Each structure stands twice: as structure tokens, then as C-alpha cells.
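Report on the following structure.
The values are calculated or read from the model by the stated rules, or taken from the named source; none is laboratory data. Small disclaimer: the values here were computed from a predicted structure and weren't measured. Neighbour counts run over all protein chains shown; Cβ positions are idealised from the backbone, glycine included. The protein model used for the area step is the full one, side chains on, heavy atoms only, and it has no ligands, DNA or RNA in it. Shrake-Rupley method; radii C 1.70, N 1.55, O 1.52, S 1.80 Å.
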Amino acid sequence: MRVPALILAAMVATTTANAADCGPDKLNTSRTITLKREGAAYGTNQHSALPLKKGEVVLTFDDGPSPEYTPMVLKALSDQCAKATFFMIGQHIAQQPDLARRVVSEGHSAGIHSNTHPHMAALSADQQLNDLQLSRAAYKTVFGVETPAYRFPFLEETPTLLKALKDANITVASIDLAINDWIPEDTTAILAQRLNDSLDKAGSGIILMHDANGPTAKALPALLKVLKDKGYNIVHLEWQ
Ligand SMILES: [Zn+2]
């Protein structure tokens, strides 16, 4: 089949423009780690480290999708050609299915972060398992596949859910470093300083941020610049 020259020229131009947009002046994504669907657990806050080299970080965002702030986060990531993993709350997935799918369609990966963000340790075993079941169902309804990964609300793990996740071959994703981004008054300068200090302490690892937090969404271009200026490399997580 012959492709009309004008269309061909437009296709070539688009490809070239994208490649140029993700040049060395951008943060970019240096490599992807594809994890098996098995009941592993990562993040030195509670578990073993991912196989990362010094200077490699994984970007993760919790508590979305948020109609106000997740699009800002997606824009900032896209502007820097950086890929991240979003740990979404089941109820938010159900409320914002198109936005949830947009996150993944833009090349990011997604896991779940409970259904209603409870303090799991305060719930009975049945209540914990029910919350997990509801969040897995919300994910499957919207994405058509089982969630590959789970992050505990408040990083508060319970034996009941650790066993259930292992039995379901769902990766437990803890963290290595954070920027404590839940204070509404946080400025971009404060968050950038916290990221800078956390990076100096940890040197590599899984970074916890919150795409549902306004100050984080506003600060993200500056936070990505901190990573770029300090020479960090972004590693993207995917699952088989
Ligand atoms: Zn959370």
C-alpha cells in the first residue's frame, strides 16, 4: 500500500519531534525493570531493596487519581519523559476510571493502595480482606487485568494482608525515601529541599510522593529538576 507523501512526512515529523523532545536536556527514563507477578516485597523501609544502582530512583505516586492534581503530575512527567508508578485508591479508580486509564495509556504503571485508605491494623481480618477484595475488583473493572502491586495505606502492614497479597502473587511496594508531602502549607521550595535531603541520605531507591496532594503536583517540575541537576537516573517499574 502506498502512503501518501504528505501523511508520511507528517508521521516522520511527529517521530522526530518526540525524539527531540526527550533529548539530553530532559530527565528521561533510563531503564525499565520488569518484575515477575509473584508475592515479593520491596523497599528498605520494611523489606529488601530493589536491584538499583547508586543514583537510580523509582518515582511512585499515591492516593490518586485526583481530577484536580493527577493531570498536573502527568504533564510534569510527560514534559521530562519520566515514567512513574501510581498506587491508586480503589474508590478513586471507580470515581475516575478515564483518568486512571489515561495514567497507564501515557506509559506509567499502576497498582492499588487499598480501597478506602483505612488504618488496616485497626480493622478485623475480615474487614482488611474485604477492603483488599474491593480495591482489586475496582482495578480489574477499569484495567481489565489483576493489579500486580499493592502499597499499604500509611505503609502500615498487617500479617493478614501480607499473607493474602503473597498468596495472590501481588508485589508489596514499600519505599526507600519520601518527601513527607501531605502538609497543605508546603511550598515548592520546602518540598524540593526535602527531596534533596532525602536523596543525599538514601542515594537511590523508591521515592514516595502523592499525586493527590496539591503542593506536590505544583512542585513536581521543580522536584524533577532536583533529580536532573543531581544526576539521578529514573528507573521505571513494570510487571509481567
Ligand atoms: Zn496513601
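Some notes on this structure:
- Nearest 10 degrees, 0 to 90: helix 5-21 Cα axis against the chain principal axis: 60 degrees
- Within the stretch 128-230: Cβ-based charge dipole about Cα centre, in debye rounded to nearest 20 (Lys, Arg +1; Asp, Glu -1): 280 debye
- Helix 188-202 and the longest principal axis of the C-alpha atoms of the chain enclose an angle of approximately 70°.
- Within the chain, the longest run free of GluC sites (Glu not before Pro) that sit in a DSSP loop with at most 16 other Cβ atoms within 10 Å is 186-240.
- Neighbourhood net charge (9 Å Cβ-Cβ; Lys/Arg +1, Asp/Glu -1) for Trp239: +1
- Counting 0.36 nm for each residue step from Lys26 to Ala137 and taking away their Cα separation leaves a gain of 36.3 nm.
- Length-normalised contact order of the stretch 129-186 in % [C-alpha pairs under 8 Å, at least 6 apart]: 32 percent
- Rounded to the nearest Hz, the phi-derived 3J(HN,Hα) couplings of the stretch 42-55 under the Karplus curve 6.51 cos²θ - 1.76 cosθ + 1.60 (θ = phi - 60°) are 10, x, 6, 4, 9, 9, 7, 7, 5, x, 10, 8, 4, x, where x marks glycine and proline.
- A simple count of charges around Thr34, restricted to other residues whose Cβ falls under 14 Å of its Cβ and scoring Lys, Arg +1 and Asp, Glu -1, yields +2.
- Relative contact order (%) - the chain, alpha-carbon pairs under 8 angstrom, separation at least six: 33 percent
- For the stretch 56-171, relative contact order (Cα pairs under 8 Å, six or more residues apart, normalised by length) works out to 24 percent.
- Fluctuation leader among Pro148, Pro159, Pro65 - the chain, Gaussian network, Cα springs under 10 angstrom: Pro159
- For the options Ile183, Ile112, Ile207, a Gaussian network treatment of the chain with springs between C-alpha atoms closer than 10 Å singles out Ile183 as fluctuating the most.
- Taking label positions 7 Å along the Cα-Cβ direction at both Glu146 and Ser105, the computed distance is 2.7 nm, reported to one decimal.
- Take the Cα of Lys230, step 7 Å toward its Cβ, do the same at Leu155, and the gap between the two points is 1.6 nm.
- Listed by chain and number, the lysines whose C-alpha is less than 29 Å from the C-alpha of Lys225, apart from same-chain residues fewer than 8 away, are Lys26, Lys53, Lys54, Lys75, Lys83, Lys201.
- Nonpolar atom fraction for the chain, defined as the carbon and sulfur part of the 1.4 Å probe accessible area, stands at 56 percent.
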